[in-house]
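What follows is a single structure, written as structure tokens, with notes after it.
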Amino acid sequence: MKQVSWPRRPGPGARLVLAAALAAWAGCDAALSEYDSIYSRGADKYVLCGHSIDDKNFVSLDEIERAMVRARIDGTTLHLYAHKPTRTVERSTIESVLAAAERQGVPLVTYAELERGERPGTLALSFDDHDLVGWTSLQPAFERTRSQVTFFVSAYLDLSAEERGQLRTLATLGHDIQFHSTWHQNAESYTAEHGVTAYVDNEILPALTAMRTDGFAPTVFAYPFGARTSTVDDAMIPHFQHLRAIYATCPQ
Ligand SMILES: [Zn+2]
């Protein structure tokens, strides 16, 4: 009798292969190892810049690993970020990145650690927004590889008591809790329409004050969408030690 074999549902590995194949097909695998602006020496610049490794950006694991090798050889810190595990980035992608960092001898570093001094040959991995369930689900992988990351939090005022508790737990585990605005507005368009003072009053102070009241001490601000201007950068000086932009919006 003729056997019919049904295609199996692709697992996470297959999805990674698919993402890499799509990236190759589209010719858009980001050349992380060639992007000078996503490497720093400690927190040597006021505006530090990261590159997204969310799945939609089609950054291959090979390229991420090449970028780690560059950081190790140059004695710099590589800055990468993502958002929501399982929704914007496969959990297996993050697990593979952590495994690659371990394999390459490139330890993870938080932004708070970078502010305390240079950490040559490291990876600053961060997560933006407020996916507490997704972030917490990565803890076993962080633990396995003894990795600590930075969480840039937006919409803190909307977090439930349970979510604030999860954030506190992540902080207790050594992760770094930093700031990502109050309502996730685009700083460039918001200030063009309402001015910088309104931006500080509505987008910075409310959630920053609430976080500080709850015992968090953010010193780094990641711009939503990476959208920034030098005027807003200057207006952030009284509130933060450092800013995080993205590759596409990094100051020249
Ligand atoms: Zn965001």
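The values are calculated or read from the model by the stated rules, or taken from the named source; none is laboratory data. Just so it is clear, the model here is predicted, and its values are computed rather than measured. Positions of Cβ are generated from backbone atoms using ideal geometry, with glycine treated the same way; all protein chains shown enter the neighbour counts.
Per-residue answers, yes or no, for (1) more than 22 Å from Gln178 (Cα to Cα); (2) aliphatic (A, V, I, L, M):
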{"site": "Ala67", "(1), (2)": "yes, yes"}
{"site": "Thr76", "(1), (2)": "no, no"}
{"site": "Pro85", "(1), (2)": "no, no"}
{"site": "Thr88", "(1), (2)": "no, no"}
{"site": "Val97", "(1), (2)": "no, yes"}
{"site": "Arg103", "(1), (2)": "yes, no"}
{"site": "Tyr111", "(1), (2)": "no, no"}
{"site": "Arg116", "(1), (2)": "no, no"}
{"site": "Arg119", "(1), (2)": "no, no"}
* Structure fact -> For strands (runs of 3 or more DSSP E) lying entirely in the range 70-185, having 1 or more residues that are at pLDDT below 95 and within 16 Å of the ligand (Cβ to nearest atom) picks out none
* Is there any pair linking a residue in the range 205-230 that is within 15 Å of Ala187 (Cα to Cα) to one that is within 16 Å of the ligand (Cβ to nearest atom) and in a helix (DSSP H, G or I), with Cβ under 6 Å and at least six apart or on different chains, and which? -> Tyr223/Ala187; Gly226/Thr249; Ala227/Ala187; Ala227/Glu188; Arg228/Ala187; Arg228/Thr249; Thr229/Glu188
* To do: For Asp214, state whether it is away from the ligand (no atom under 16 Å from the Cβ) and surrounded by 21 or more Cβ atoms within 10 Å (Cβ to Cβ).
  => no
* To do: Could you grab the pairs with beta carbons closer than 9 Å, sequence gap of 6+ or different chains, first residue in the range 173-196 and on the phi > 0 side of the Ramachandran plot, second one within 12 Å of the ligand (Cβ to nearest atom) and in a loop (DSSP other than H, G, I, E, B)?
  => Ser181/Ser154; Ser181/Ala155; Ser181/Tyr223; His184/Ser154; His184/Ala155
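Pull up the range 186-229, narrow it to residues that are aliphatic (A, V, I, L, M) and part of a strand (DSSP E or B), then point me to the one that is nearest to Ala82 (Cα to Cα).
Ala222
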* **Any hit, the range 224-232, residues being under 22 Å from Asp131 (Cβ atoms), loosely packed, with under 13 Cβ neighbours inside 10 Å and away from the ligand (no atom under 16 Å from the Cβ)** => no
